[in-house]
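Everything on this sheet refers to the single structure shown next.
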Amino acid sequence: MNKTGADNGYRSFLANIRIPIWLTIAAVITFILILAFTVNHARERDIVEQFSRQQMAIARGTAAGIEDLISSVEKSMIILSRLPCACVTGIMPETTRQSIKVIYDDLDGKVEFIAVKNKDDLLTAEYPPSIFEGITDENFKHSSYFQEIKKTGKTYIGGLQLAWEGEAKDRAQSVIIAVPKYDAEDNFSGVVLTGLSLSAIIDRYIKATSETSGCGWIIDSSGAILVRPDKLHACMELKTLGNAKILGGAPLKDTLIKGKEGYSECMLPMEGGRTKKSIIAYAPVNAGSGRWFIAITTPYNKIVLLARKGFINIIFWTLGLIIVVVITGISVAYSSAKQLRLKEELKRLKEREGWQEKLLREYRTTEGIIAGSPIPTFVLNREHRVILWNRACSELTGFDAGDMIGTDQHSVPFYKEKRPALADIIIDYDIDVLEKYYATKHVKKSATVEGAYEAMDYITDLGGKNRYIYFLAAPIYDGKGELIAAIETIQDVTQQRETDIRLKEYAETLQNELNQNIKLRREIEDLYNYLQSILDSLPEKIFDLDSEGIINYVSRDVKKDEKMISQKFAGKHFADFVDPENRQFVLGIWENAKKGIFTPYEMTSTAKDGSKRNLLTTLRPVKKTGHYILVQRDITELKILEKKFYESQKLAAVGQLSAGIAHEVRNPLSSIKMSLQILEKRMKPEGNDSKRFQIARREVEHLEKLVNDLLLYAKPSDPIKKPSDIEKIIGHALAMTEKSVSDKHVQVEMDLAKDLPPLNADPAMLEQVFLNIYLNAIDAMEEGGKLSISARKTANRVLVEVRDNGCGISSEDMPHIFNPFFTKKKYGTGLGLTQIKKIMDLHQGTIIISSEEGTGTSVTMTFSLKAPQQKG
């Protein structure tokens with residue numbers, strides 16, 4: 001390389017590094033400036049925050065001082081208001097005048113004057129006289145403070161503009177402090193007022209504040225400035241703060257009216273319509289009925305002036321330091337670049353020689369690899385001519401390399417004609433040609449080689465065979481990234497393709513079989529669910545047992561996760577769920593079943609609630625398996641019905657026998673009763689003989705009643721129903737108990753509704769029902785008992801209730817009271833309530849008996865008003 005080339009390279013090097021260096025320098029300077037401005041802004045905000053808090057503390061102290069001043073003056077005026085005055089006579093006592101002078105002197109210039117006015121708003125006393133020489137009475141007449149004090153009776157503190165004559169005309173507005181005055185009868189008699197010296201407030205508070213902190217104001221609740229410094233200390237000429245706004249957009253006046261202390265950044269209006277950013281700290285002054293505010297304002301620029309001066313100095317020195325560093329860096333870089341230029345030139349000469357040798361070796365190596373590769377390969381140059389045709393390609397196509405190199409006939413061995421190959425399309429990068437010749441050849445971009453394309457085609461008579469060929473073509477670039485050639489490989493994938501086809505057909509076959517199996521499984525699951533529903537709906541419980549008695553399935557079992565059996569039964573022997581007292585018996589039946597002897601058996605088991613249940617168990621084998629089916633049926637209800645049936649059969653037999661006996665006995669009893677009546681009339685017995693006749697007659701009547709009850713129970717007659725008055729039926733039955741009621745002195749209470757409708761019933765049978773109930777109640781009561789009878793209509797029914805206060809029925813006897821022949825009486829038949837129940841059933845009525853032993857019994861009967869439908 002000559003010197004000119006070296007110089008050009010050096011200049012190129014400087015040009016390449018110049019722009020990045022300047023960009024880096026600019027970025028660093030920009031970053032430093034941004035950081036400096038950010039730090040300065042944060043520092044300014046901190047200074048403003050600290051200054052604002054200090055100003056707020058000063059405003060708070062000033063407000064407290066003014067409140068103390070007003071409070072001390074107000075207390076002095078209250079003292080004067082309690083002294084004697086000339087409200088009636090018009091002559092002010094001398095002592096009061098002296099007191100006014102003493103208090104004025106004691107306030108030591110804090111007030112401008114002290115005055116007393118009567119109830120007609122006229123001055124009666126004032127001090128000092130010199131102050132009032134230029135003031136007319138009109139200044140004090142019809143003032144708002146007088147009317148307000150007279151109305152509210154409270155101290156008034158507010159502004160008052162007085163007009164003086166002569167040189168006093170320019171005096172500032174006064175602050176009036178006025179208190180009411182009352183006579184001995186507590187009637188309003190005038191006011192005592194004083195003018196608070198605004199000059200004292202300005203000298204003591206406002207000027208001191210302005211000299212140390214900023215511009216101080218006293219502002220009333222309407223935003224008007226009451227007190228401000230003189231012209232030497234004035235910040236601006238403002239009559240109102242209505243146009244002043246804080247930075248958030250809200251009016252400053254609204255912020256002050258809230259009555260809280262604080263501070264804000266605000267824009268204060270200036271002359272010419274301009275605004276000025278200021279910091280205002282404020283605190284409320286509670287002055288009587290109104291509210292004042294101490295406001296201290298300081299221009300924002302004045303607060304941050306010192307910080308900004310320091311910041312400008314820092315920026316200046318920082319920029320100077322940066323410039324020095326940049327100049328030094330450029331000098332060092334320029335010197336280093338000269339040294340690098342020589343080193344780079346020597347290095348490039350050595351590298352170029354090495355590259356040339358390396359490229360030559362790589363070319364020969366690559367050519368040898370391609371030529372000896374088992375994969376058929378050819379290479380095209382930019383002119384679409386073959387520059388390499390390897391041995392494998394000659395064997396596949398039957399065309400030698402000598403016949404193909406240097407020609408453009410590389411497509412003829414495959415398609416018998418000249419047409420673009422994939423390598424041609426890559427060299428020209430012609431997508432239209434690619435779509436035209438390879439759209440149906442499964443062409444796509446290679447996923448592994450960048451810029452390469454691959455395609456699949458079926459070639460006939462290639463090397464004497466029909467083949468599936470896989471083409472892969474890729475570009476070849478030089479060191480500058482320019483396309484210089486294209487390489488294309490050819491692979492015979494016939495065997496792989498045929499294998500894929502066979503695998504696809506096999507996969508389709510498997511898929512069809514899988515679909516059939518899925519369908520069959522669904523059908524089996526549907527059938528299983530159907531059978532499961534049938535088994536779960538059966539009243540019997542079904543167990544599937546293996547040859548060892550282990551439970552495999554239980555109907556009506558609560559399962560989780562779609563399992564065949566729940567955790568409760570899984571893997572357990574069925575005998576584990578048998579009561580201990582029956583387990584040995586059941587295991588004996590199981591052993592017989594394993595021997596082929598299957599015998600159904602019954603046993604009694606204890607349920608979870610402690611009740612006894614009768615179970616009928618059947619065991620049978622499942623054909624062609626080692627399993628057994630155990631069917632368990634709860635026959636407890638069947639056993640109960642069977643027992644009741646046998647008992648009813650016995651009772652029917654007893655009833656028939658009783659009816660036969662009663663029928664045979666009734667006629668002799670009638671003869672005996674008649675004979676006793678005839679003998680008693682003829683013999684007219686006296687003394688013990690008469691008693692014996694009465695005993696015999698009573699016993700015959702008892703036997704006659706017993707026979708009639710037996711006949712009525714055994715062979716009840718059908719009721720002869722007709723519209724019947726229930727009130728008359730109740731009364732007739734009660735009349736038949738007249739002797740029993742009078743013998744025991746029973747008190748009877750009747751409560752029958754007046755609107756009881758007629759019942760479709762047999763009156764004789766119902767009279768028998770009520771008669772038996774009355775007699776049972778009378779028998780249960782002692783002398784002087786109480787029998788209550790009530791009847792009322794409810795909806796479509798008539799309800800009759802009979803209540804007594806007798807001995808009641810024990811809870812042990814309640815379940816048996818309607819059983820035939822059940823009685824606790826010495827002479828009872830036990831058929832009375834049985835007859836009542838039968839008669840109520842024949843009338844489609846209900847009877848409910850409730851009783852408590854020792855308290856009494858209540859019998860409630862309900863009769864339907866709807867006539868039963870006739871069958872036919």
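The values are calculated or read from the model by the stated rules, or taken from the named source; none is laboratory data. Just so it is clear, the model here is predicted, and its values are computed rather than measured. Reconstructed Cβ throughout: ideal geometry from the backbone, glycine too, with neighbour counts over all protein chains shown. Surface accessibility is based on the protein's heavy atoms, side chains included, excluding ligands, DNA and RNA. Shrake-Rupley method; radii C 1.70, N 1.55, O 1.52, S 1.80 Å.
Sorted largest first, the principal axis extents computed over the alpha-carbon atoms of region 796-844 equal 39, 25, 19 Å.
Just add up the charged neighbours of Ile47: K/R +1, D/E -1, any other residue whose Cβ is under 14 Å from the Cβ of Ile47. Summing Lys/Arg as +1 and Asp/Glu as -1 gives +2. With Cα atoms as the point set, region 363-413 shows a radius of gyration and Dmax of 10.2, 29 Å.
Computed over the alpha carbons of region 731-780, Rg followed by Dmax gives 12.2, 35 Å. Sites listed here are trypsin sites (Lys or Arg not before Pro) in region 780-825 whose DSSP assignment is loop and whose Cβ has at most 14 other Cβ atoms within 10 Å: Lys824, Lys825. The GluC sites (Glu not before Pro) found in region 422-488 that occupy coil by DSSP, while having at most 12 further C-beta atoms within 10 Å, are Glu450, Glu482.
Any idea what % of Cα-Cα pairs in region 394-465 are farther than 13 Å? Don't skip to the answer; put the middle values down first.
Values: 1812 of 2556 pairs.
In whole percent, the long-distance tail amounts to 71.
Expressed in Å, the radius of gyration and Dmax of the Cα atoms of region 818-859 are 11.7, 33. Mind listing which GluC sites (Glu not before Pro) in region 715-821 are in a DSSP loop and have 11 or fewer other Cβ atoms within 10 Å? Answer by residue number: Glu782, Glu783, Glu812. For Lys728, the aspartates and glutamates whose Cα comes closer than 12 Å to its Cα, not counting residues fewer than 8 places off in the same chain, are Glu767.
Mind checking which aspartates and glutamates have their C-alpha under 12 Å from Lys673, skipping anything on the same chain fewer than 8 residues away? Leaving aside aspartates and glutamates fewer than 8 places away in the same chain, those within reach of Lys673 are Glu699, Glu701, Glu704. Averaged over its residues, region 529-613 has an accessible area of 64 Å² per residue, based on protein heavy atoms and a 1.4 Å probe.
First select every other residue whose beta carbon is under 12 angstrom from the beta carbon of Thr460; then total the charges, Lys and Arg +1, Asp and Glu -1.
Surrounding charge for Thr460 is +1.
Checking the Cα-Cα distances for Lys418/Lys465; Lys705/Lys825; Lys793/Lys837; Lys612/Lys837 against a 24 Å cut-off, the pairs over it are Lys612/Lys837.
Count the net charge of all other residues whose Cβ sits under 13 Å from the Cβ of Arg613, scoring Lys and Arg as +1 and Asp and Glu as -1.
So the environment of Arg613 carries a net charge of 0.
The ratio of the alpha-carbon radius of gyration of region 452-599 to the globular-protein estimate 2.2 N^0.38 Å is 2.34.
Here's the list of aspartates and glutamates a cross-link from Lys302 could span, going by alpha-carbon distance under 16 Å and ignoring same-chain residues fewer than 8 apart: Glu44, Asp46, Glu49, Glu211, Glu265. For region 410-527, the solvent-accessible area with a 1.4 angstrom probe is 67 square angstrom per residue. When the P(r) is computed for region 694-818, the part past 25 Å accounts for 36% of the Cα-Cα pairs.
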